[in-house]
Every structure is written in structure tokens, then in C-alpha cells.
Amino acid sequence: MQQTFEIKAKDAPGLMARLETILRRQRLPIRSFSFEGGVGGGPARIDLVIEADEERSSFVERQLMRLMDVTEVVRTSGTPAFAQPELTFEERTA
Amino acid sequence: MSAQAKAHPKTRTSSARAMAEELVALGVTHIFGHPGGAALPLYDALHGAPIRHLLMRHEQGAAHAAQGYARATGRPGVCLATSGPGATNLVTGLTDAMMDSTPIVALTAQVATSLLGRDGFQEADIVGMTQNVTKHNWLVLDPDEVPGTIRHAFRVAVSGRPGPVLVDVPRDVLQGETSWEGPDVEPAEAPRRADPVSLRRAAFAISNARRPILYVGGGVISSGASAEVRRLAYKARIPVTTTLMGKGAFPETDPLSLGMLGMHGTAYANWAMHDADLIIALGARFDDRITGKLATFAPHAKVVHLDVDPVEIGKNRKADFPLHGDAKTVLRQLLPLVGAPHTNGWLEKIAAWKAEAPLAYEQGGDVILPQFAIETLWKMTRGRRPIVTTDVGQHQMWAAQFWKCDEPNEFVTSGGLGTMGFGLPAAIGVQCGMPGRLVINLNGDGSFQQTMQAMATAVEERLPIKVVVLDNQNLGMVRQWQDLFYERRFFAVELKNPDFAKLAEAFGAAAFRVNRPEELGPAYEAALAVDDRPALVHVRTDGNENCYPMWPAGQSIEAMVVSDPRKKKS
């Protein structure tokens with residue numbers, strides 16, 4: 001299954017290497033990759049498409065968020081990652 | 001800007017001096033380092049600073065010493081190396097700190113910016129090399145950014161899940177002038193709380209479990225949550241097992257303690273995990289040395305998983321009740337919500353397991369068993385609450401089994417990476433951080449020889465650490481695996497060792513030699529009496545002894561061997 005991530009990050013040296021390491025260690029193939037550098041100190045934007053199932057995509061998303069320079073990760077395909085049960089838990093009063 | 005910073009007028013100074021003053025302001029008391037050409041501007045700036053620099057004899061030892069300091073004190077340890085080989089020698093220690101979530105700050109000098117990328121003398125891309133073994137790292141190219149980067153690095157090291165960071169500064173940047181406004185403080189990150197709904201679900205699961213078990217890892221110690229773990233265990237009457245990194249988070253002499261679990265853990269801890277209906281994992285990560293074959297691990301259990309790092313939750317074992325947050329904070333939230341489950345039957349079953357398969361050995365004859373050597377010293381010193389460091393191998397596992405820890409931060413070892421050579425330099429760091437405490441390094445003959453040059457530093461600094469070298473003339477754990485899994489084809493494991501006592505004396509340490517069981521007590525007494533330099537006790541032990549229980553890697557719990565089958569036959 002292809003998963004698309006939109007990543008915003010501080011445009012700092014080493015960002016791409018760290019991102020690549022996460023995918024390499026998980027042995028996840030990159031299907032598409034685009035990078036737009038930050039202008040005037042603004043954030044860089046990365047669009048990334050990888051081949052991964054839901055579980056591993058969720059894991060990758062959390063790893064991406066752990067990177068110091070990454071400020072936002074949005075998965076635009078599949079179900080939202082890091083889907084903790086409490087997020088869908090509905091509490092009702094009698 | 002803080003009030004502290006306002007007291008300082010804006011001055012022009014070298015970034016190296018600004019860095020040194022930032023380190024002082026950040027509370028750095030010790031730096032474990034080794035100088036070299038590129039680092040000289042920083043060393044010059046540290047000259048006269050109120051920071052004690054320990055001249056390590058190898059940078060790997062500097063990183064491990066920083067780890068020891070951090071693990072004993074909870075504050076970041078600092079190591080310092082020059083460019084090129086100095087920096088690359090730190091990599092093992094950084095990786096070890098990454099695996100064990102230890103906050104250390106590595107400062108490395110780099111060749112001048114004009115030489116970067118040109119293969120200059122002693123140039124190594126240490127930032128590139130350590131990207132994967134640090135929480136974050138920085139190459140600072142502007143003198144004005146040096147002080148702020150140092151402040152930020154310290155904050156990153158301790159925030160969230162602690163870990164190592166590295167700051168690399170080229171020589172000319174260290175020498176460059178900066179408009180520095182004096183030290184500042186970057187406010188600490190607030191501990192993360194768990195959301196209330198998740199908490200209530202976890203509390204309900206705990207309150208209604210019949211066979212719950214607390215599985216406690218190093219995250220509890222990092223978070224300072226040992227008191228909360230005790231309150232939870234006592235309130236809910238839940239047995240507790242700890243990982244190697246979690247030793248001391250719960251008193252191991254308490255009846256609710258099951259000791260360490262996993263490959264060389266107690267049989268009863270592993271049986272309890274297997275049979276549990278609820279595993280409450282606190283700051284632990286279900287690594288392969290704990291679970292064996294994941295598919296058959298704890299088949300009846302639901303899992304409450306509390307961790308500060310969301311990447312760990314569900315990474316190896318699905319979390320039915322995830323709790324993302326700081327262990328201490330979340331446990332304080334959780335405690336009022338938890339009732340007392342009915343665990344009497346469960347505790348009785350565990351008591352029967354404890355009686356069936358206790359940790360045991362039989363010290364007889366003239367050859368010293370390593371377990372006996374370790375337990376004898378534990379019994380002699382337990383009233384003094386020593387801090388013990390271990391190295392890696394069989395002696396480490398026996399120490400985990402027989403050195404009972406009742407308090408956190410008193411068992412310092414290399415858990416995740418399993419780095420031989422960790423123990424002695426780590427003991428140096430521990431002793432620096434805890435100068436009034438008794439510090440003991442339990443070591444093996446193989447591992448001691450990987451970083452034994454650190455003894456020179458310990459002597460130079462008159463550190464009264466006690467080093468016990470358990471000398472079985474083998475790389476014991478490798479030998480054990482060849483014995484059990486490679487049909488006793490022993491290869492590349494036998495060690496023709498030096499006389500460790502003479503070696504220690506050559507360094508200037510006190511030294512004692514033990515060949516027979518009855519000599520242990522007097523030798524330990526004599527070593528414990530030495531207070532002005534290190535003391536080494538060289539103990540010749542049985543080279544044929546294997547470490548049990550043993551749960552072979554990647555297998556199900558049925559494969560666990562509780563005791564030495566050869567001894568049963570005899």
C-alpha cells in the first residue's frame with residue numbers, strides 16, 4: 001500500500017539524512033520524494049510516498065515526529081497514524 | 001532573557017570562552033575528555049574554569065564516564081574530544097547512551113572551516129557519522145551561535161526521552177569572536193501528562209485484572225518514578241519484575257519483587273509474564289532479550305504500555321492501553337484511579353514458583369564460583385548502599401541476578417548495546433558525580449581489557465573505586481553459547497591474561513589477588529579500606545561455569561533452561 005506524508009521541518013543540514021535513515025532501517029522503499037527548501041528562514045516542505053502497511057506507516061510517522069527539526073507530519077493517505085484507541089473512544093453519560 | 005543574563009554586560013569574547021562559561025552556568029562540574037589540536041582553543045578556555053577535567057586515556061572511556069555520571073546523578077554527563085579519531089572514538093559511547101536513553105553532551109572540535117570537506121588532517125564528518133546515534137547533533141559554523149547551541153543541546157539531552165547529543169565546532173569558530181550576553185537558561189520542557197480517558201481505561205484494566213504484573217524498565221528510573229511504582233505495587237498488590245535497566249526501580253528484596261526477567265532473568269519472573277493476564281509496562285520496550293519469540297510471548301496478556309516516547313508504544317508488542325507521557329507524572333495521575341485487584345491466588349502461585357526455582361548455586365571446593373564472589377561482596381557492602389557498575393558478559397548477568405538493588409540509580413550497566421569496556425570508565429563517572437558514595441565496578445577479564453587504561457585516570461584523580469575482575473580466563477558468555485549451541489567447539493574465547501593485580505599496581509592502584517573462596521572476604525575488606533586511590537581485586541573463577549536460567553534467543557519460554565543440566569546429572 002502506498003502512503004503519502006507531508007512533512008514540514010526546519011530547513012537544517014542533516015534533515016534529509018535523518019529521514020532517509022528512518023526509512024532505510026525499516027527497509028521501506030521510497031516511491032516518490034519532493035523537497036522544497038524553506039524561503040527566508042521558513043520551513044522546508046517534503047512530500048514523501050512510501051510503500052508500507054498501516055502499522056509500519058504509523059510507526060514511521062511517530063519516528064518522523066521524533067526528529068528535532070520536524071514540526072509537522074500529515075499523512076494524506078490511509079487512516080491516520082498513531083491511532084490511539086482513546087481518540088475514537090466515545091464517552092456517553094446515562 | 002533571564003535575570004542571570006541581565007547581570008552580564010554584552011561583551012566580545014571568543015566563542016570557546018563563551019562555551020566554557022555556558023558550561024559553568026549550566027551546572028557542569030566535570031568534563032571527561034582528551035585534548036588534541038583542534039580542541040585546543042576550548043581547552044585553553046577551560047583553563048582555570050571551575051570545572052574538573054578528567055584526562056581519559058581513550059575517548060570511548062570519556063563517553064562511558066559521562067554516561068556513568070549521568071546515570072548516577074540524573075544530570076547530563078559531558079565528554080570532550082578533538083577532531084577526527086578523537087571524535088570517532090566517541091561513537092560507541094554515544095550509541096550506548098542512545099540505546100540506554102542516557103543524557104550525555106558530547107563536545108567535539110572540528111578542523112577549521114576552510115578545511116571542511118577537503119580531507120584535512122584529522123577531519124572526520126562526525127556530525128554525519130553520529131546522526132543515527134544521537135537525539136540530535138549540530139555543526140556550528142557561526143561563533144555567535146555557539147553559546148545558544150550549547151544551551152539548547154543540554155535541554156534536548158534531558159527532555160522527553162533522554163539521550164545523547166553532540167555539538168561539533170570547528171577550530172576557527174572556537175577562536176572566533178562572539179557578541180555574547182552572558183549565560184542564559186532555556187526553560188525545561190513540562191513533563192507530558194496522559195489524557196484522562198486513556199488513564200481511566202488503563203486504571204479499569206488494572207483494577208479488574210486477576211494476574212497482573214508490573215514490568216518496569218529504565219524509563220522509570222530516568223523519570224524518577226520509583227516511588228510511584230512502589231505505591232502502585234503496594235496499593236494494588238501487584239508483583240514487579242524489572243529489566244536490566246530498571247534494576248532498583250523497585251526493591252529487589254521486597255516479597256513482591258520477581259527480580260529481573262528475560263534471557264537470564266529468574267524463571268519465576270518469566271513464568272509470571274507468560275501466565276499474566278495484564279502486563280503493565282512502565283518505561284520498558286519489550287526488547288528481544290525480554291520477549292524471546294514475540295509470537296508466543298505472554299499469550300494471555302493485555303498490555304498497558306506507558307512510555308514518554310510514542311515510538312516505543314506498540315513497537316514490539318501491541319499496546320491495548322497506551323499511555324503516552326512521563327512515567328512519574330502519569331503514575332501520579334493513575335494512582336488515585338486504581339483499585340485493588342484480587343491477586344491473592346496469583347501471588348500464591350508466584351510464591352510456589354519462587355520456591356520451585358530460586359536463583360541458586362553451590363559453592364564447594366577450592367574453585368571460586370563467580371556468583372559466590374558477587375554475592376559475598378553484596379552481603380558485605382549492602383549496608384553502605386554502594387553504586388555498582390558492571391561490564392558486559394556473564395559477570396553482568398550474575399550481577400543482575402545476585403546483586404540485589406533496593407534503590408534506583410545504583411546499578412549502572414550497558415543494557416541495550418551491551419558494550420564491553422563500559423564498566424570501569426562508567427565507575428569513574430559515577431564516583432565523580434557521587435563523591436561520597438562507595439562505587440564498585442564488577443568486571444570480567446575480557447571486558448576489563450577493553451578499557452583498562454582508564455585505571456590511569458582513576459589513579460591520577462585518586463578515585464577510591466573498587467574494581468573486581470572476575471577472571472575465568474575466557475570470554476565467558478561467548479564460550480557459553482559455543483558450549484550450548486555450537487556443540488562445544490570452543491574457538492577464539494580463551495584468554496591468556498596478564499596478572500591483573502600486578503597491572504593495577506603498575507598503574508598505581510592498590511591490588512589484591514584471590515585464588516580460593518576463603519580469601520575473598522579478607523581481600524574485599526582490604527580493598528574496601530583503601531580510600532585514597534582505586535583498589536582492584538583479581539578473583540580467579542571457574543571457567544566452566546555457565547549462567548542460568550537461560551532462555552535461548554528468539555525461542556519460546558518452553559525452551560528456558562532453569563539450571564545447569566550437567567550439575568543435575570551429577
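The values are calculated or read from the model by the stated rules, or taken from the named source; none is laboratory data. Keep in mind that this is a model prediction, so the values were computed, not measured. No Cβ is skipped: glycine too gets one built from the backbone with ideal geometry, and neighbour counts run over all protein chains shown.
Look at the stretch B:40-54: where a residue is more than 22 Å from B:Tyr69 (Cα to Cα) and a partner is buried (at least 16 other Cβ atoms within 10 Å of the Cβ), sitting 6+ places away or on another chain with Cβ atoms under 6 Å, you get B:Pro41/B:Ala16; B:Pro41/B:Leu174; B:Pro41/B:Gln175; B:Ala45/B:Ala16; B:Ala45/B:Arg17; B:Ala45/B:Ala20. Mind listing whichever residues of the stretch B:58-110 are over 22 Å from B:Gly218 (Cα atoms) and among the charged types (D, E, K, R)? Scanning the stretch B:58-110 gives a single hit, B:Glu59. Give the residues of the stretch B:99-139 that are within 11 Å of another protein chain (Cβ to nearest Cβ) and part of a loop (DSSP other than H, G, I, E, B), sorted by residue number. Answer for the stretch B:99-139, where residues must be within 11 Å of another protein chain (Cβ to nearest Cβ) and part of a loop (DSSP other than H, G, I, E, B): B:Asp125, B:Thr134, B:Lys135. Within the stretch A:1-16, the residues that satisfy the criterion of being more than 19 Å from A:Ser32 (Cβ to Cβ) and surrounded by fewer than 16 Cβ atoms within 10 Å (Cβ to Cβ) are A:Lys10, A:Ala12, A:Pro13.
Restricting attention to the stretch B:309-327, the residues that are buried (at least 21 other Cβ atoms within 10 Å of the Cβ), of a type outside the set (Gly, Ala, Ser) and away from every other protein chain (no Cβ under 11 Å) add up to 1. In this structure, does B:Ala281 turn out to be crowded, with 21+ Cβ neighbours inside 10 Å, at pLDDT 95 or above and closer than 18 Å to B:Gly259 by Cα? Judged against the criteria, B:Ala281 is a match.
Hey, could you check the stretch B:237-259 for residues that are hydrophobic (A, V, I, L, M, F, W, C) and in contact with a Leu (Cβ under 6 Å, 6 or more places away or on another chain) and say which is farthest from B:Ser207 (Cα to Cα)? Explain how you work it out, then say what you get.
Taking the stretch B:237-259 first, the residues hydrophobic (A, V, I, L, M, F, W, C) are B:238, B:240, B:244-245, B:249-250, B:256, B:258.
Adding the requirement that they be in contact with a Leu (Cβ under 6 Å, 6 or more places away or on another chain) leaves B:238, B:240.
On the way: B:Ile238: 10, B:Val240: 16 Å.
Checking each candidate, the answer is B:Val240.
The residue of the stretch B:210-231 that is farthest from B:Pro76 (Cα to Cα), among those that are more than 17 Å from the chain's Cα centre (by Cα) and surrounded by fewer than 24 Cβ atoms within 10 Å (Cβ to Cβ), is B:Arg210. Whether any residue in the stretch B:194-206 is closer than 18 Å to B:His305 by Cβ and touching a His at 6+ places or on another chain (Cβ under 7 Å) is what I want to check. Within the stretch B:194-206, one or more residues are closer than 18 Å to B:His305 by Cβ and touching a His at 6+ places or on another chain (Cβ under 7 Å).
Restricting attention to the stretch B:527-558, the residues that are among the hydrophobic types (A, V, I, L, M, F, W, C) and surrounded by fewer than 14 Cβ atoms within 10 Å (Cβ to Cβ) total 2. Against the conditions (1) outside any helix (DSSP H, G or I); (2) under 30 Å from B:Arg200 (Cα atoms); (3) without any contact (Cβ under 8 Å) to a residue 24 or more places away in the chain, B:Glu348 satisfies every one except (1).
Looking only at helices (runs of 4 or more DSSP H) that lie completely in the stretch B:374-461, which have at least 2 residues being under 18 Å from the mean Cα position of the chain (by Cα) and either in contact (Cβ under 8 Å) with a residue 40 or more places away in the chain or surrounded by fewer than 24 Cβ atoms within 10 Å (Cβ to Cβ) (or both)? It would help to see each step written out before you state the result.
Values: elements: B:394-402, B:423-433, B:445-451, B:454-460.
Counting at least 2 such residues, we get B:394-402, B:423-433, B:445-451.
Note on the stretch B:140-169: among residues that are part of a loop (DSSP other than H, G, I, E, B) and touching a strand residue (DSSP E or B) at 6+ places or on another chain (Cβ under 6 Å), the one that is nearest to the other protein chains (Cβ to nearest Cβ) is B:Val140. Among the residues of the stretch B:74-133, not one is crowded, with 24+ Cβ neighbours inside 10 Å, acidic (Asp, Glu) and more than 25 Å from the chain's Cα centre (by Cα). Within the stretch B:198-209, being within 14 Å of chain A (Cβ to nearest Cβ) and either in contact with a Phe, Trp or Tyr (Cβ under 6 Å, 6 or more places away or on another chain) or surrounded by 15 or more Cβ atoms within 10 Å (Cβ to Cβ) (or both) holds for B:Ser198, B:Leu199, B:Arg200, B:Arg201, B:Ala202, B:Ala203, B:Ala205.
Taken together, B:Asp184, B:Asp195 contain a single residue that is within 14 Å of chain A (Cβ to nearest Cβ) and under 32 Å from the mean Cα position of the chain (by Cα), which is B:Asp195.
Each row is one residue, and each column tells you yes or no for (1) touching a Gly at 6+ places or on another chain (Cβ under 7 Å); (2) in a loop (DSSP other than H, G, I, E, B); (3) at negative phi; (4) at pLDDT below 95.
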position	(1), (2), (3), (4)
B:Tyr215	no, no, yes, no
B:Ile221	yes, no, yes, no
B:Arg231	no, no, yes, no
B:Gly246	yes, yes, yes, no
B:Glu252	yes, yes, yes, no
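Scan the stretch B:328-342 for residues that are assigned to a loop (DSSP other than H, G, I, E, B) and surrounded by fewer than 20 Cβ atoms within 10 Å (Cβ to Cβ) and jot them down.
Within the stretch B:328-342, the first condition is being assigned to a loop (DSSP other than H, G, I, E, B), and the residues that meet it are B:338-342.
Those that are assigned to a loop (DSSP other than H, G, I, E, B) and surrounded by fewer than 20 Cβ atoms within 10 Å (Cβ to Cβ): B:Gly339, B:Ala340, B:His342.
Only a single item in (1) surrounded by fewer than 21 Cβ atoms within 10 Å (Cβ to Cβ); (2) touching a residue at least 24 places away in the same chain (Cβ under 8 Å); (3) within 14 Å of chain A (Cβ to nearest Cβ) is not met by B:Gln363, and it is number (3).
Among the conditions (1) in contact with a Lys or Arg (Cβ under 7 Å, 6 or more places away or on another chain); (2) at pLDDT 95 or above, A:Val73 misses just one, which is (1). Is it the case that B:Thr92 is away from chain A (no Cβ under 14 Å) and modelled with pLDDT of 95 or more? Taking the combined requirement at face value, the residue satisfies it. Restricting to the stretch B:261-306, give me the number of residues that are under 19 Å from B:Gly248 (Cβ atoms) and within 14 Å of chain A (Cβ to nearest Cβ). Selection size over the stretch B:261-306: 2. Mind listing whichever residues of the stretch B:340-360 are in contact with a Lys or Arg (Cβ under 9 Å, 6 or more places away or on another chain) and not β-branched (Val, Ile, Thr)? Residues satisfying the conditions are B:Ala340, B:Pro341, B:His342, B:Asn344, B:Gly345, B:Trp346, B:Leu347, B:Lys349.
Being touching a residue at least 40 places away in the same chain (Cβ under 8 Å), assigned to a loop (DSSP other than H, G, I, E, B) and of a type outside the set (A, V, I, L, M) narrows it down to one residue among B:Arg200, B:Arg210; which is it?
Working: B:Arg200 fails: assigned to a loop (DSSP other than H, G, I, E, B).
When all the criteria are applied, what remains is B:Arg210.
Within the stretch A:10-45, take every residue that is of a type in the set (A, V, I, L, M) and touching a Lys or Arg at 6+ places or on another chain (Cβ under 8 Å) and give me the one that is nearest to B:Arg317 (Cα to Cα). Here the residue is A:Leu28. Any chance the stretch B:74-84 includes a residue that's modelled with pLDDT of 95 or more, assigned to a helix (DSSP H, G or I), of a type in the set (Ser, Thr, Tyr) and within 21 Å of B:Ala456 (Cα to Cα)? No, the stretch B:74-84 contains no residue that is modelled with pLDDT of 95 or more, assigned to a helix (DSSP H, G or I), of a type in the set (Ser, Thr, Tyr) and within 21 Å of B:Ala456 (Cα to Cα).
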